[in-house]
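**Q** Got a structure for you, written out below as structure tokens; questions coming shortly.
The values are calculated or read from the model by the stated rules, or taken from the named source; none is laboratory data. Values in this document were obtained by computation on a predicted structure and should not be read as measured data. Every residue, glycine among them, receives a Cβ derived from its backbone with ideal geometry; neighbour counts consider all protein chains shown.
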Amino acid sequence: MRRKIYHTLLEWKKERKGEVALLIEGARRIGKSHIVEKFGQEEYDSYILVDFSKVSPQVMEFFNLYLDDLDTLFLNLEVYYRRKLVPRPCPGEEARSLIIFDEVQFCPRARSAIKHLVLDNRYDYIETGSLISIKKNVKDIMIPSEEHPIQMYPMDFEEFLWAMGDEVMMPYIQSQFEKKKPMGGTFHRRAMDYFRQYMIVGGMPQAVKKYVETRDFEKVDEVKRDILALYRNDIKKYADNQETKVSAIFEEVPSQLQKHEKKFRLSALQDDARMRDYSQAFFWLSDARVVNCCYNSTEPSIGLKLNEDRTTIKCYLNDTGLLISHAFDERGIVSEDLYRKLMFDKLEVNQGMLVENIVAQMLKAAGHNLFFFSNNSRTSAEDRMEIDFLIAKPTTTSRHNISPVEVKSSSRYTLTSLTKCIAKYAKDLSTPYVLHDKDVKIEDGIVYLPLYMTPLL
């Protein structure tokens, strides 16, 4: 399936010409291995993929013995993988062969050797990994400066449309967004149908592939449950002394998102729990890209991170399709009937849980850091407000570049907090947005956008 990151890989190959290795970070099962292998097949004369998650002891020994003797290392890799490596013709030219270190976190020694491999300049190098930053995986190694990290996420809405065979819907959505013009009834309904399918299926490539092939939600659900089982297994294997806390947070995510405010209440895990006791567990899940953490910024003004309150957090699952399979887990499978009720908005469940999660997912994939704004003032009703998201616009004008974003999952809603926020911080704010299931409109200085336009913010 077509992925946008392929273009990023192509730019790196053509522009950097072996000056740095590329490190692709992302959750398990989002398609990292598939896309880099496809890239190696299509853009190089030859490639070797070393999968450190299941590599033989013999190959691991190559990296223990021969990093000081690269000629022997490359010869052994060629013989073992039965692939001929073709050296770069000369410095400054594109490489002819690619070496991929898949799941490189399992071989820290190979990652630390990137410096010497890049300086050798014979081949291009791509690393993939998850849990890249945890202490266990960086202990006793020097992180190479010759490594350029990029993030990979589950398939976004446009990639989902491509998988569904629609290449024209997103350009039209983009044109209407730029003009701030309504889509029109027919096109809006079609786009919302696609969006609901995307929300329910999610962006995990295996799940999307299964949906495209079968249109069978139960078969899709089986795929998603396998991924959730993999995540749970990873927690048991790699969370070390944080396993209990990490697991507790992971299992509690749906319940916390079901609440009106969606802020993660640590008291649900332990009566006297404090963030300082659970901060490492949240970091583990975030580093594994299993969750998207959203922090309270105490002022909706430029420099959101400067006002970050890391003790107040919302915790979203990395993929909303996975969230559905995680949340409705009573009998081990989510039924086709339940999926169809979700599809047609007939299920008596807090849809806000799903809608806010997918907005967070789309904002993250679009490059935004996740912040919200919460002021629980006990003395001033005018100061008391909750804004779902704050996003930084790419340019700063005469006003600050922060836009408040409210997410509405039903057709009947109020904008009390947003109105208060605009009244108090008007001189500091950029455009305020409401994301809802209706078409585009502008009213009282607020831009109302359909949910499927979220990636364009």
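**Q** Just wondering, is there one or more residues in segment 125-135 that are among the charged types (D, E, K, R), surrounded by fewer than 22 Cβ atoms within 10 Å (Cβ to Cβ) and either modelled with pLDDT of 95 or more or over 30 Å from Thr186 (Cβ atoms) (or both)?
**A** Yes: segment 125-135 contains one or more residues that are among the charged types (D, E, K, R), surrounded by fewer than 22 Cβ atoms within 10 Å (Cβ to Cβ) and either modelled with pLDDT of 95 or more or over 30 Å from Thr186 (Cβ atoms) (or both).
Rundown of residues vs (1) touching a Pro at 6+ places or on another chain (Cβ under 9 Å); (2) of a type in the set (A, V, I, L, M, F, W, C); (3) more than 27 Å from Tyr316 (Cβ to Cβ); (4) not assigned by TED's automatic domain parsing to the domain that holds Thr312, yes/no style:
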site	(1), (2), (3), (4)
Ser374	no, no, no, no
Ala381	no, yes, yes, no
Arg412	no, no, no, no
Leu435	yes, yes, no, no
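**Q** How do the helices (runs of 4 or more DSSP H) wholly within segment 1-103 filter down when requiring 1 or more residues that are assigned by TED's automatic domain parsing to the domain that holds Ile235, free of Cβ contacts under 8 Å to residues at least 40 places away in the same chain and of a type in the set (Val, Ile, Thr): which remain?
**A** Per the criteria, no element qualifies.
**Q** For segment 35-55, enumerate the residues that are loosely packed, with under 14 Cβ neighbours inside 10 Å and at pLDDT 95 or above.
**A** Once the filter is applied, which keeps residues that are loosely packed, with under 14 Cβ neighbours inside 10 Å and at pLDDT 95 or above, segment 35-55 yields Gln41, Glu42, Asp45.
**Q** Any idea which residue in segment 193-247 is surrounded by the most Cβ atoms within 10 Å (Cβ to Cβ), counting only those that are over 16 Å from Leu354 (Cα atoms) and hydroxyl-bearing (Ser, Thr, Tyr)?
**A** Per the stated criteria, the residue is Tyr211.
**Q** Out of all the residues in segment 106-127, is one or more under 22 Å from Ala360 (Cα atoms), part of a loop (DSSP other than H, G, I, E, B), in contact (Cβ under 8 Å) with a residue 60 or more places away in the chain and of a type in the set (Ser, Thr, Tyr)?
**A** Looking through segment 106-127, none of the residues is under 22 Å from Ala360 (Cα atoms), part of a loop (DSSP other than H, G, I, E, B), in contact (Cβ under 8 Å) with a residue 60 or more places away in the chain and of a type in the set (Ser, Thr, Tyr).
**Q** Here's another thing I want to ask about it. Quick one: which residue in Phe264, Phe250 is under 19 Å from the mean Cα position of the chain (by Cα) and crowded, with 17+ Cβ neighbours inside 10 Å?
**A** One residue alone meets the criteria, Phe250.
**Q** Give me the pairs: first residue in segment 417-438 and more than 21 Å from Leu354 (Cβ to Cβ), second residue of a type in the set (Ser, Thr, Tyr) and in a loop (DSSP other than H, G, I, E, B), beta-carbon distance under 9 Å, and six or more apart or on different chains, which are they?
**A** From residues that are more than 21 Å from Leu354 (Cβ to Cβ), the pairs are Tyr425/Ser301; Asp428/Ser301; Leu429/Ser301; Ser430/Thr396; Ser430/Thr397.
**Q** While we're here: Being acidic (Asp, Glu) and within 19 Å of Glu103 (Cα to Cα) is the filter here; which residues of segment 227-256 pass it?
**A** Scanning segment 227-256 gives Asp234, Asp240.
**Q** Output yes when any residue across segment 438-451 is out of contact with any Cys (no Cβ under 7 Å at 6 or more places or on another chain), closer than 22 Å to Tyr153 by Cβ, surrounded by fewer than 19 Cβ atoms within 10 Å (Cβ to Cβ) and in the same structural domain as Cys315 (by TED's automatic domain parsing), and no when none is.
**A** Our first condition is that a residue be out of contact with any Cys (no Cβ under 7 Å at 6 or more places or on another chain); within segment 438-451, this holds for 438-451.
Retained after the next criterion (residues that are closer than 22 Å to Tyr153 by Cβ): 449-451.
Narrowing further to those that are surrounded by fewer than 19 Cβ atoms within 10 Å (Cβ to Cβ): none.
No, every residue in segment 438-451 fails to be out of contact with any Cys (no Cβ under 7 Å at 6 or more places or on another chain), closer than 22 Å to Tyr153 by Cβ, surrounded by fewer than 19 Cβ atoms within 10 Å (Cβ to Cβ) and in the same structural domain as Cys315 (by TED's automatic domain parsing).
**Q** Going through segment 285-309 one residue at a time, which ones are of a type in the set (Asp, Glu) and either closer than 27 Å to Met152 by Cβ or in a helix (DSSP H, G or I) (or both)?
**A** Residues of segment 285-309 of a type in the set (Asp, Glu): 287, 299, 308-309.
Result: Asp287, Glu308.
**Q** When both residues are 6+ apart or on different chains and their Cβ atoms are under 6 Å apart, which pairs have a first residue that lies in segment 250-270 and is within 23 Å of Ile387 (Cβ to Cβ), and a second that is of a type in the set (Lys, Arg)?
**A** Lys262/Lys314; Lys263/Lys314
**Q** Taking the conditions exactly as written (outside the structural domain of Lys32 (by TED's automatic domain parsing), at pLDDT 95 or above, over 18 Å from Asp439 (Cα atoms) and in contact with a Leu (Cβ under 7 Å, 6 or more places away or on another chain)), does Gly202 satisfy them or not? Quick ask: steps written out before the conclusion?
**A** Details: outside the structural domain of Lys32 (by TED's automatic domain parsing): yes; at pLDDT 95 or above: yes; over 18 Å from Asp439 (Cα atoms): yes; in contact with a Leu (Cβ under 7 Å, 6 or more places away or on another chain): yes.
Judged against the criteria, Gly202 is a match.
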